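Q: So that we are looking at the same thing, I have put the structure below in structure tokens.
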Ligand SMILES: C[S@@+](CC[C@H](N)C(=O)[O-])C[C@H]1O[C@@H](n2cnc3c(N)ncnc32)[C@H](O)[C@@H]1O
């Protein structure tokens, strides 16, 4: 185990390696036998609920291999524990304190494996996804589908667990994130080390590749700050990068786009100056996971990344053994505005893409009319998506939908209630649900619902 990763986990855990050995264990001891130790940093009822769900459906060996909330079973450390304990530092020394606190308090929840590579807003908590996949009965050899995959959390977790997956997403940039993060789960550590010393050359080659014939007004100059850089798509490619395996090329591309976005947010530094740091973080994360993957002898699940509209899927009936997704919480986040610099670099017309984005359409002369129009479009889109989900899912399998109760922005309409009604009319029954309270003073949403539907 690398010294850096140990220090991040140990620093964060302050010597506490299991919830079950803490002081307030009465409920935990009632639920689980002394052979089953929970991970530390379990703070909410929903996490206990998910741990209990895993305990009921997985035997001991499966809990060690695929469990999300257990530290050890019968003295054997779980894979999740071992993967997370190696996670390198998630934040720079200069990061804000609340960011440092967040990662320190969530060692087993968010930034492990390749999940922390690009900060996509509104993504799933990966630890929760792992438990939900278990509770849905998914195991190696089965296929899970995520129709609105964002940066690919479902696909990454499924791969780590040996489950095959198909992800679908409208944004080409989000698809690139998924390809990079899934691909980086299976790379040769020696190749990663070679890249470490070539950061500036890689940056220069990528910047040339990305702007061979700039379409817009001026040539790229990565020694200057540009929030919106002209870009001519990926033509040809530099000679040494072209020789790299696809997974590494995708990783480097994402790293490049990350440093461009980062520089746009931090006026004081150029993408070129930031690239070595960002690359270092990417390589640390990939190396840590790949080293553990080899030690554990993990067989990764296959992930197919599709770009398309979830309202009309080009997928055959009944192919999926489970569906897990989180739609936009109505219009809580404008995914396209967030990613505009990267989309422009990729040569994507963000305004055209917006026409297909769920939650971003609908207008009116005043606020009330705008909300009504947007909600109308949102629920109509979600009906089409749930219809498609029902079509591609095998009978008797779970379709789990995670949605926040966004009443602040919807004028009091609770999204989860309407979505349950729509799902029922499209062929699902609601088997059970789990409520998650959202913490943090900066969150306007207070609750999130995990709705476990079954195709009836
Ligand atoms: C809440 S996010 C999903 C985040 C994802 N669970 C993750 O962990 O990254 C919702 C996603 O839906 C995508 N989306 C919106 N409209 C879509 C459509 N018509 N078809 C497919 N994806 C769409 C957005 O681009 C966004 O990435």
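Q: Could you give the length gained on full extension between residue 10 and residue 246, defined as 0.36 nm per residue of separation minus the Cα-Cα distance, in nm?
A: 81.5 nm
Q: Apply the a/c threshold of 1.5 to the C-alpha gyration tensor of the chain and tell me whether it is rounded, prolate or oblate.
A: Because a/c hits 1.5 or more and a/b fails to exceed b/c, the chain counts as oblate.
Q: Using Cα-Cα distances under 8 Å and only pairs 6 or more residues apart, what relative contact order does the range 93-216 have, in percent?
A: Worked out over the range 93-216, it gives 19 percent.
Q: Give me the percent of DSSP beta bridges within the range 304-455 that run antiparallel, rounded to the nearest 5.
A: Of all bridge pairs located within the range 304-455, approximately 75 percent are antiparallel.
Q: Moving on. Specify the inter-centroid distance of the range 336-403 and the range 300-331, based on alpha-carbon positions, in whole Å.
A: 14 Å
Q: Report the relative contact order of the chain, percent, no decimals, based on alpha-carbon pairs under 8 angstrom and at least 6 residues apart.
A: Once divided by the residue count of the chain, the mean separation gives 14 percent.
Q: Going by average Cβ density within 10 Å per residue, which order do the peptides 321-330, 270-279, 305-314 take, highest to lowest?
A: Result, highest mean first: 321-330, 270-279, 305-314.
Q: If you stretched the chain out fully between residue 369 and residue 408, how much longer would it get, using 0.36 nm times the residue separation minus the C-alpha to C-alpha distance?
A: Extra length from residue 369 to residue 408 when fully extended: 12.5 nm.
Q: PRE reach from residue 315 (point 7 Å along Cα→Cβ): which of the range 389-407 fall under 14 Å by backbone N?
A: Counting backbone N atoms under 14 Å from the label point, the list is 389-395, 397-401.
Q: Among the DSSP beta bridges whose two residues both lie in the chain, what percent are antiparallel, rounded to the nearest 5?
A: Of those bridges, close to 55 percent are antiparallel.
Q: Something else now. Quickly rank 418-426, 179-187 as a protection proxy: mean count of other C-beta atoms within 10 Å, highest first.
A: In descending order of packing, they fall as 179-187, 418-426.
Q: Note the full-extension length gain between residue 354 and residue 189 as 0.36 nm times their separation in residues minus their Cα-Cα distance, in nm to one decimal.
A: 55.5 nm
Q: Could you please rank 357, 148, 177, placing first whichever residue has the fewest other Cβ atoms within 10 Å of its Cβ?
A: 357, 148, 177
Q: Let me ask something else about it. Using 7 Å Cα-to-Cβ label points, what is the residue 92/residue 200 separation (nm, one decimal)?
A: 1.8 nm
Q: Checking the a/c ratio against 1.5 first, then a/b against b/c, what shape does the Cα gyration tensor give for the range 304-455?
A: It is oblate, given that a/c is not under 1.5 and a/b is not larger than b/c.
Q: List residues of the range 408-434, by number, whose backbone nitrogen lies under 13 Å from a label position 7 Å along Cα→C-beta of residue 387.
A: 423, 425-427
Q: While we're looking at this one, here's another question. Would you order 370, 121 from fewest to most other beta-carbon atoms within 10 Å of each residue's own beta-carbon?
A: 121, 370
Q: In nm, give the distance between the simple-model label positions of residue 30 and residue 337, each being 7 Å from the Cα along the Cα-to-Cβ direction.
A: According to this spin-label approximation, the distance is 4.7 nm.
Q: How high is the relative contact order of the range 304-455, in percent, counting Cα pairs under 8 Å that sit 6 or more residues apart?
A: That works out to 27 percent.
Q: Ranked by Cβ crowding within 10 angstrom, fewest neighbours first, how are 54, 194, 352 ordered?
A: Fewest-to-most ranking of 54, 194, 352: 352, 194, 54.
Q: Tell me, what is the FRET efficiency for residue 295 and residue 439 to the nearest 0.05, using R0 = 30 angstrom and their Cβ-Cβ distance as r?
A: 0.35
Read-outs throughout are calculated quantities, based only on the coordinates presented, and are distinct from any laboratory measurement. What you see is a predicted model, and the numbers here were worked out from it, not measured in a lab. Ideal geometry is used to build each Cβ from the backbone, glycine not excepted, and the neighbour counts take in all protein chains shown.
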